[in-house]
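A.B. asks: Sharing a structure here in structure tokens format.
The values are calculated or read from the model by the stated rules, or taken from the named source; none is laboratory data. Fair warning: this is a prediction, and the values are worked out from it, not measured in the lab. When we count neighbours, we look across all protein chains shown, and the Cβ atoms used for this are built from the backbone with ideal geometry, even at glycine. Surface accessibility is based on the protein's heavy atoms, side chains included, excluding ligands, DNA and RNA. Shrake-Rupley method; radii C 1.70, N 1.55, O 1.52, S 1.80 Å.
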Amino acid sequence: MGEVLLERNSRSGAKQLLSVTINQGVIKAEDSGRKDNSSSDLSNYKLVKVGDIPYNSMRMWQGASGYSCFEGIVSPAYTVLIPSTETDGLFLSYDIKRNKMLSVFQRHSQGLTSDTWNLKYPQLSSIHVRVPKKNEQIQIRQALTKLDALIAATQSRLSSLELLKKALLQDLFI
């Protein structure tokens with residue numbers, strides 16, 4: 001993986017704080033709904049640029065990573081990956097969330113129990129992966145992005161129908 005994902009170690013405290021989540025990927029920390037427990041001194045926080053893939057070193061085996069659409073900073077405990085020029089970052093962000101890859105990350109994580117398992121960049125970079133040519137990566141990414149949009153639209157429609165059902169049931173029993 002070290003050939004397709006390099007590590008960014010730049011530090012900056014003057015950017016917006018980002019969160020890396022298992023389900024939503026990289027989001028603005030203010031949109032996470034969680035209490036801000038970041039340090040008052042953010043100068044050691046790691047810089048994330050648009051297109052980077054930050055991940056939680058202690059939760060990579062659970063899929064705590066994502067493609068960043070934002071420039072910002074993350075905790076120094078996180079690792080920030082830069083896709084190489086021969087790779088499509090969004091494709092890689094999908095690829096590293098596959099169950100097969102999560103199992104590989106779990107096997108390469110170090111620590112005595114799942115609470116302490118940690119996958120730092122040196123271990124991640126040594127994992128052997130096969131990556132298709134960039135034009136194929138882009139085609140796969142485009143298909144997966146369309147599926148994501150379809151799933152989101154379906155979930156939105158389902159939520160609307162559930163609200164309608166609830167309203168109709170209330171009218172029925174009044």
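A.B. asks: Nearest 5 percent is fine: what portion of the DSSP beta bridges confined to the chain is antiparallel?
C.D. replies: On the way: 18 of 19 bridges.
That works out to approximately 95 percent antiparallel.
A.B. asks: Another question about this same structure. Got a number for the accessible area of I151? Probe 1.4 Å, square angstrom, nearest 10.
C.D. replies: Probe radius 1.4 Å; accessible area of I151 about 90 Å².
A.B. asks: For the full complex of protein chains and a 1.4 angstrom probe, list L144, L163, L5 by accessible area with the highest value first.
C.D. replies: Working: L144 60, L163 120, L5 0 Å².
Heavy-atom accessible area, descending, gives L163, L144, L5.
A.B. asks: Roughly how tilted is helix 134-172, in degrees to the nearest 10 and between 0 and 90, from the longest Cα axis of the chain?
C.D. replies: Tilt of helix 134-172: around 30 degrees.
A.B. asks: I'd like the distance between the alpha-carbon centres of the range 132-174 and the range 8-24, rounded to an integer number of Å.
C.D. replies: The range 132-174 and the range 8-24 have Cα centres spaced 28 Å from each other.
A.B. asks: Note down the accessible area of M101, probe 1.4 Å, to the nearest 10 Å².
C.D. replies: 10 Å²
A.B. asks: Given H placed on each backbone N at 1.01 Å, which residues far from T21 in sequence or on other chains put an amide H within less than 5 Å of it?
C.D. replies: V26, I27
A.B. asks: Given a 1.4 Å probe and every protein chain left where it sits, what share in percent of the accessible area of the range 1-63 is carbon and sulfur?
C.D. replies: Working: 1430 of 3490 Å².
Carbon and sulfur together cover 41 percent of it.
A.B. asks: Per residue of the range 30-35, in order, report the coupling 6.51 cos²θ - 1.76 cosθ + 1.60 (Karplus, θ = phi - 60°) as ³J(HN,Hα) in whole Hz, putting x for Gly and Pro.
C.D. replies: 5, 8, 7, x, 9, 5
A.B. asks: Keeping all protein chains in the complex and leaving out DNA, RNA and ligands, what accessible area do you get for Y94 with a 1.4 Å probe, in Å² to the nearest 10?
C.D. replies: 60 Å²
A.B. asks: Another question, if that's okay. For the chain, what is the accessible area per residue in Å², given a 1.4 Å probe and the full set of protein chains?
C.D. replies: Working: 10780 Å² over 174 residues.
Heavy-atom accessible area per residue stands at 62 Å².
A.B. asks: Just to check I understand the Karplus step: with θ = phi - 60° and J = 6.51 cos²θ - 1.76 cosθ + 1.60, what whole-Hz values come out for the range 50-62, glycine and proline as x?
C.D. replies: Residue by residue, the range 50-62 yields 4, x, 6, 10, x, 9, 7, 4, 8, 10, 4, 5, 9 Hz.
A.B. asks: For a quick check: with amide H placed at 1.01 Å from N, whose amide H comes under 5 Å from L5's, ignoring anything fewer than 5 positions away on the same chain?
C.D. replies: Correct list: S84.
A.B. asks: Please list, in order along the range 42-47, the HN-Hα scalar couplings obtained from phi with the Karplus expression 6.51 cos²θ - 1.76 cosθ + 1.60 (θ = phi - 60°), rounded to whole Hz, x for Gly and Pro.
C.D. replies: These are the phi-based 3J(HN,Hα) values: 9, 5, 9, 5, 8, 6 Hz.
A.B. asks: Which lysines, if any, have their Cα less than 22 Å from the Cα of K15, not counting same-chain residues under 8 positions apart?
C.D. replies: Here the lysines satisfying the reach criterion relative to K15 are K28, K35, K46, K49.
A.B. asks: In whole percent, what relative contact order does the range 4-92 give with Cα contacts below 8 Å and a gap of six or more residues? Each step should come with its number before you reach the end.
C.D. replies: Details: 190 pairs, mean separation 34.2, N = 89.
Averaging sequence separation for qualifying contacts and normalising by length gives 38 percent for the range 4-92.
A.B. asks: Relative to the longest principal axis of the C-alpha atoms of the chain, give the angle of the C-alpha long axis of helix 99-108, reported between 0 and 90° and rounded to the nearest 10°.
C.D. replies: Helix 99-108 sits at roughly 40 degrees to that axis.
A.B. asks: Can you list residues whose amide H is under 5 Å from L81's amide H, if they're 5+ apart or on another chain and H is modeled 1.01 Å from N?
C.D. replies: Here the answer is R8, I53, Y55, since their amide H atoms fall under 5 Å of that of L81.
A.B. asks: On to the next question. Whenever you get a sec, line up T154, T145 from highest to lowest accessible area (probe 1.4 Å, protein heavy atoms). All intermediate terms of the calculation are to be shown ahead of the outcome.
C.D. replies: Details: T154 80, T145 60 Å².
So, going from the largest accessible area down, we get T154, T145.
A.B. asks: Ok, one more. Just to confirm the filter: which trypsin sites (Lys or Arg not before Pro) across the range 62-111 are DSSP coil and have at most 14 other Cβ within 10 angstrom of their Cβ?
C.D. replies: Details: sites: K97, R98, K100, R107; in loops: K97, R98.
Qualifying residues, ordered by number: R98.
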